[in-house]
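Data first, discussion second: the structure below is written as structure tokens.
Read-outs throughout are calculated quantities, based only on the coordinates presented, and are distinct from any laboratory measurement. Model, not experiment: these values are computed from the prediction. Cβ placement follows ideal geometry from the backbone for every residue including glycine, while neighbour counts extend to all protein chains displayed.
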Amino acid sequence: MSDYSFEDFDKFKVRYGVEGEIVNETPIRIGSGGRQEFGSVDNPVITLPIGGRERPVIPGSSWKGVMRSEAERFVNSSPEIGKERGWEFWRACDIFEVTSNPDIRREEEKNPCIVCRIFGNTGVASHVHFFDSLPKGDAPLQVIRRVAIDRITAGQSPGRLFDVQIVPPKTRWDFRMRIINIEMKPEDPRGFLLSYLFKQLLDGIQIGGGKSIGYGLMVLIPDTVKVKKMKIEGGKLRTEEYTGPEALKALGVG
Ligand SMILES: [Zn+2]
């Protein structure tokens, strides 16, 4: 069994707690979708009654879905990385095929792709956990009115207006996740891929509805990032804490 095995939950080796603040540079459109196991990529931002009023929430499952899609896109567009480094599982399965096709499911549970080795599948435990994101402080929701666009002619349908609920730009959210039993080192394909995802988060990742008009651009604020790494070394638990540029370095970025 290689060091990059996915069947390693009998033994705690290393854990990273990552937290920071994320800001939406553009409005985020609120969807009405509920929670889904693999994250609802189309409708990832919902409202929940918290403290007696409706507050926007980005469920952890949404983060997971968005990050998983980002990982799939990168792996599918870079087969040469797997070839150069001899990572034969540097490929991305279609998770919906895995859940619906028993043959593909058996194969993916026996020999998972790199994305499943991080995010899990029907038979493989996830090595990452994302927490719900809530806005810091007061984040009033806004309603804006938009003109419906005819999907077939791409022209405006006269008089057809609809209301969209949004979170205004420049709202700060907390972001928290855990990485379990993956060393954030470029020699480990999983660490390599996760570092790529953190780089993307620092550059901006789009979530929610209205992507085509630039909505939902989320950017992780570098100097807010904190990393707590816990590792078993020589039978002892060692804890390391990083902030600022050191935290980014611990995640393989910067
Ligand atoms: Zn897979």
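Things to note:
- Computed from the alpha carbon atoms alone, the convex hull of segment 116-254 holds 165 Å³ per residue.
- Extension gain (nm, one decimal) between Thr239 and Leu48, 0.36 nm per residue minus Cα-Cα: 65.2 nm
- The Cα center of segment 174-204 and the Cα center of segment 224-254 differ in position by 12 Å.
- For segment 14-250, the dipole from Cβ point charges (+1 on Lys and Arg, -1 on Asp and Glu) about the Cα centre works out to 400 debye, to the nearest 20.
- Extending 7 Å from the Cα toward the beta-carbon at both Lys170 and Lys185 defines two label points whose distance is 4.4 nm.
- Calculated FRET efficiency for the pair Thr122/Glu88, C-beta based, R₀ 25 Å, to 0.05: 0.70
- Comparing Ser61, Ser212, Ser133 in a Gaussian network model of the chain where C-alpha atoms under 10 Å apart are linked, the largest mean-square fluctuation is found at Ser212.
- Inter-label distance, Met230 to Ser212: 4.6 nm, where each label sits 7 Å from its Cα along the C-beta direction.
- Contact order normalised by residue count of the chain, Cα under 8 Å, 6+ apart, percent: 29 percent
- Taking other Cβ atoms within 10 Å as a rough exposure proxy, Cys113, Cys93 sort from fewest to most as Cys93, Cys113.
- Over 20 Å between alpha carbons, listed pairs Lys199/Lys236; Lys83/Lys231; Lys11/Lys231; Lys13/Lys229; Lys64/Lys199: Lys199/Lys236; Lys83/Lys231
- For the pair Lys199 and Arg160, a Förster radius of 35 Å applied to the C-beta separation gives a FRET efficiency near 0.30, rounded to the nearest 0.05.
- Highest-fluctuation residue, Pro168, Pro49, Pro112 considered, GNM on the chain with Cα pairs under 10 Å: Pro49
- In the distance distribution for segment 14-250, Cα-Cα pairs more than 23 Å apart total 55 percent.
- Simple spin-label estimate for Glu246 and Glu107 gives 4.7 nm between the two label positions (7 Å along the Cα-to-Cβ direction from each Cα).
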